[in-house]
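Written below as C-alpha cells is the structure these notes are about.
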Ligand code: DGY
C-alpha cells in the first residue's frame with residue numbers, strides 16, 4: 001500500500017520536513033506562501049492528511065464543501081485550535097490534533113519577557129535612544145515598576161499560565177493570583193485562586209492572559225474589565241488577540257489608566273491597530289511566543305507523531321476531536 005498523502009500548508013523546520021518526506025508522500029510549501037481558502041478547500045480533496053497551522057482558517061464552509069472527502073486528519077501546528085471550527089470538523093468525522101506541552105516553556109518565557117518589557121519601559125526607552133534623544137543617565141529617568149512583592153494575576157491557569165506564574169514567583173518574587181474556569185492546583189508555589197475575574201483584575205499589578213481564543217472568550221477583556229484593573233497596572237497577552245478589545249486597551253494606555261502593556265498576539269493578525277502602533281507604552285511582538293528553533297522543531301515533530309499514529313492506527317499523542 002502506498003504511504004498516505006500529506007499536504008503541508010507552511011514551511012517547517014528542516015528536520016520536520018525531512019521526517020515527513022521519509023514517512024509520507026508529502027507536498028511541502030518551500031516558499032511559505034500562505035494558503036488561500038480555495039487552496040485549503042482543494043487540499044482537503046486531495047490529501048489524506050493535512051499539517052496546517054494557526055494562520056489556516058478552516059471554517060464550516062471549507063470543512064463541509066461539496067466533494068471534500070479525502071482528508072481524514074488535520075494536524076495543527078499550534079496548541080490553539082481556534083483557527084478550526086471543531087464542531088464542523090467533528091460533524092465531518094475529521095480528526096484534529098494540536099501541539100500542547102512542547103511550547104509551554106518558550107511561551108511562558110516570552111510572557112515573562114513582556115512583563116519585564118512593560119514594567120521596565122523597554123520599548124519606550126529604547127525608542128528614545130535609537131532616535132538619538134537620550135541625553136545622559138538621570139536618577140529619575142525612565143523609572144519603571146519593580147516586580148518583587150507585586151501581584152501577577154493569571155487569567156487561565158493552564159500549562160502556560162502555571163509556567164508563567166512559576167517563573168514570576170521563583171524568579172522575580174511576585175505573588176500569584178489567578179482566575180480559571182475549573183479548579184486548579186495544587187502548585188509548588190503559593191497561589192490565590194479567585195472565582196471572580198473582576199476581583200482578580202482589581203488586585204493584580206500585572207495581568208497576564210493564558211486562555212484559548214474564540215467562542216465565549218472573545219472580547220473577555222473589554223472596556224469594563226480594563227476599567228476594573230488597578231490604576232497604573234500592566235496587561236500582557238501571549239494567548240490570542242481576540243481576547244482583548246484592542247481599541248479599549250489603546251484608550252486605557254493613552255489615558256494612562258494602564259501604565260503599559262505587552263502584546264504578542266492581535267485580533268486580526270498580521271494587522272496591528274494604528275492606535276497601538278503609535279503608543280510608546282506598549283511592546284508589540286509578531287506572535288513569537290513559541291518561536292525558538294527547539295520549540296518550533298518539537299511542535300512539528302509532535303504534529304508528525306500525530307499523523308504517523310493516525311495512519312498506523314495507534315493512539316494519538318494529542319487529539320483534540
Ligand atoms: C499556538 O501554538 O497556538 C501559538 O499561538 C503558536 O505557537
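Structure notes:
- Per-residue Cβ neighbour rank within 10 angstrom, fewest leading, 308, 224, 126, 255: 255, 224, 126, 308
- Among 234, 178, the order by Cβ neighbours within 10 angstrom, fewest to most, reads 178, 234.
- Entry note, the chain: relative contact order of 18 percent, from Cα contacts under 8 Å with a spacing of 6+ residues.
- Estimated 222 nm signal from helices in the chain, with DSSP H stretches of n ≥ 4 weighted -39500 (n - 2.57), rounded to 500: -9500 deg cm²/dmol
- Pairs of Cα atoms farther than 26 Å apart, the chain, %: 51
- Cα-based helix-to-principal-axis angle, 293-312 vs the chain, degrees rounded to 10: 30
- Mean-position separation - Cα centroids, segment 244-319 and segment 27-106, in angstrom: 18
- Based on Cα atoms of segment 193-243, Rg over Rh with Rh as the Kirkwood radius reads 0.94.
- With Cα atoms, 0 to 90° folded angle of helix 14-23 axis to the chain main axis: 20
- With neighbour counts taken as other beta-carbon atoms within 10 Å, the residues 174, 122 rank, fewest first, as 122, 174.
- Between helix 246-255 and the chain there is an angle of about 10 degrees, using the helix long axis and the longest principal axis of the Cα atoms.
- Full-extension gain in nm, residue 39 to residue 196, via 0.36 nm per residue minus C-alpha separation: 52.1 nm
- Backbone N atoms of segment 212-244 closer than 15 Å to the 7 Å Cα→Cβ label point of residue 254 belong to residues 223.
- Rg/Rh, computed from the Cα trace of segment 104-284 with Rh as the Kirkwood radius, has the value 0.96.
- Residues of segment 88-117 with amide N under 13 Å of a point placed 7 Å along Cα→Cβ from residue 64: 88-93
The numbers here are math on the coordinates, done by the rules we state, and not lab data. On a predicted model such as this, the values are computed, not experimentally measured, just so you know. Positions of Cβ are backbone-derived with ideal geometry, glycine not excepted, and every protein chain shown enters the neighbour counts.
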